[in-house]
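The values are calculated or read from the model by the stated rules, or taken from the named source; none is laboratory data. Everything numeric here is computed off the predicted structure, so don't read it as measured data. Cβ: placed from backbone, ideal geometry, glycine included. Neighbour counts: every protein chain shown.
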């Protein structure tokens, strides 16, 4: 198969335009109330919130693993 | 969980020259997202690399998701021989970046940073505008949603 030709400058520009359009579409769905709430907090409070969210995500992941392990366990009680 | 206070304290107390970029920088600016690693652009001067090694060694850094048995020594020679390192530490994952696409190295990025005080220490974070530009320069589809949020955040800050 012949190698594809390098992108022309006009192609790159249209690629940039389409990315900008995608970003604008995503922007419509941003929850700005959440952002305004975050802006009331200090950078340190925001980082503490991040660590809390990470801890929660880790706990949920652990619970999911436990549930999957229990499902695959030979000692699991058969469904009634 | 990333132990941000311990990492920032260790780096700041040893006088390591670094700039927080990526998701944690976005969150420090007010983004409402979650990330699981800290991205830092570090100054690659020999003295700074030496301070960086001293600061992070107590957290036993190793290469993230490296094949078992792959030898890795977190020392000055290793950091000087490479550029970007994705590491796991006992304080959580940290990416050490010698350069970032669209932003260059530490010194080129420095004028586009702000200083924040967190956990009793001062540290440099890339500005919101530059962070948006870096994510746009990276051109990764997974970043499009984050860029939209950062741009909305910039608008909200401008409106405030």
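Scan the range B:94-116 for residues that are touching a strand residue (DSSP E or B) at 6+ places or on another chain (Cβ under 8 Å) and either on the phi > 0 side of the Ramachandran plot or exposed (fewer than 13 other Cβ atoms within 10 Å of the Cβ) (or both) and jot them down. Of everything in the range B:94-116, just one residue is touching a strand residue (DSSP E or B) at 6+ places or on another chain (Cβ under 8 Å) and either on the phi > 0 side of the Ramachandran plot or exposed (fewer than 13 other Cβ atoms within 10 Å of the Cβ) (or both), namely B:115.
Applying the condition of being part of a helix (DSSP H, G or I) and surrounded by 14 or more Cβ atoms within 10 Å (Cβ to Cβ) to the range B:59-77 and asking which residue is nearest to the chain's Cα centre (by Cα) yields B:59. The listed residues are B:55, B:91, and the only one of them that is more than 30 Å from residue A:32 (Cα to Cα), within 14 Å of chain A (Cβ to nearest Cβ) and surrounded by 13 or more Cβ atoms within 10 Å (Cβ to Cβ) turns out to be B:91.
Could you check how many residues of the range A:49-76 are more than 21 Å from the chain's Cα centre (by Cα) and either under 29 Å from residue B:116 (Cβ atoms) or part of a helix (DSSP H, G or I) (or both)? Quick ask: steps written out before the conclusion?
From the range A:49-76, those more than 21 Å from the chain's Cα centre (by Cα) are A:66-76; that's our starting set.
Keeping just the survivors that are either under 29 Å from residue B:116 (Cβ atoms) or part of a helix (DSSP H, G or I) (or both) gives A:66-72.
So the count comes out to 7.
Screening residue B:34 with (1) free of Cβ contacts under 8 Å to residues at least 24 places away in the same chain; (2) surrounded by fewer than 16 Cβ atoms within 10 Å (Cβ to Cβ); (3) more than 14 Å from chain A (Cβ to nearest Cβ) gives one miss only, at (3). Does at least one position in the range A:57-70 carry a residue that is at the interface with chain B (Cβ under 7 Å from one of its Cβ atoms) and modelled with pLDDT of 65 or more? Yes - at least one qualifying residue is present in the range A:57-70. Of the residues making up the range B:119-155, just one is at the interface with chain A (Cβ under 8 Å from one of its Cβ atoms), more than 21 Å from residue B:97 (Cα to Cα) and not in a helix (DSSP H, G or I), namely B:119. For the range B:128-142, filtering for residues that are in contact with a helix residue (DSSP H, G or I) (Cβ under 8 Å, 6 or more places away or on another chain) and buried (at least 17 other Cβ atoms within 10 Å of the Cβ) leaves 6. Scan the range B:97-118 and give yes if some residue there is more than 13 Å from the chain's Cα centre (by Cα), modelled with pLDDT of 95 or more and in a loop (DSSP other than H, G, I, E, B), otherwise no. The answer is no; no qualifying residue exists.
The sole residue among A:46, A:41 that is at pLDDT 95 or above, in a loop (DSSP other than H, G, I, E, B) and at the interface with another protein chain (Cβ under 9 Å from one of its Cβ atoms) is A:41. Among the conditions (1) modelled with pLDDT of 95 or more; (2) over 20 Å from residue B:136 (Cβ atoms); (3) within 14 Å of another protein chain (Cβ to nearest Cβ); (4) part of a loop (DSSP other than H, G, I, E, B), the only one that residue B:12 does not satisfy is (4).
For the range B:33-46, which residues satisfy the criterion of being under 19 Å from residue B:146 (Cβ atoms) and at pLDDT 95 or above? If you could, list the steps in order and put the result at the bottom.
Going through the range B:33-46, the residues under 19 Å from residue B:146 (Cβ atoms) turn out to be B:33-41.
If the condition is that a residue be under 19 Å from residue B:146 (Cβ atoms) and at pLDDT 95 or above, then B:38, B:39, B:40, B:41 are the ones that fit.
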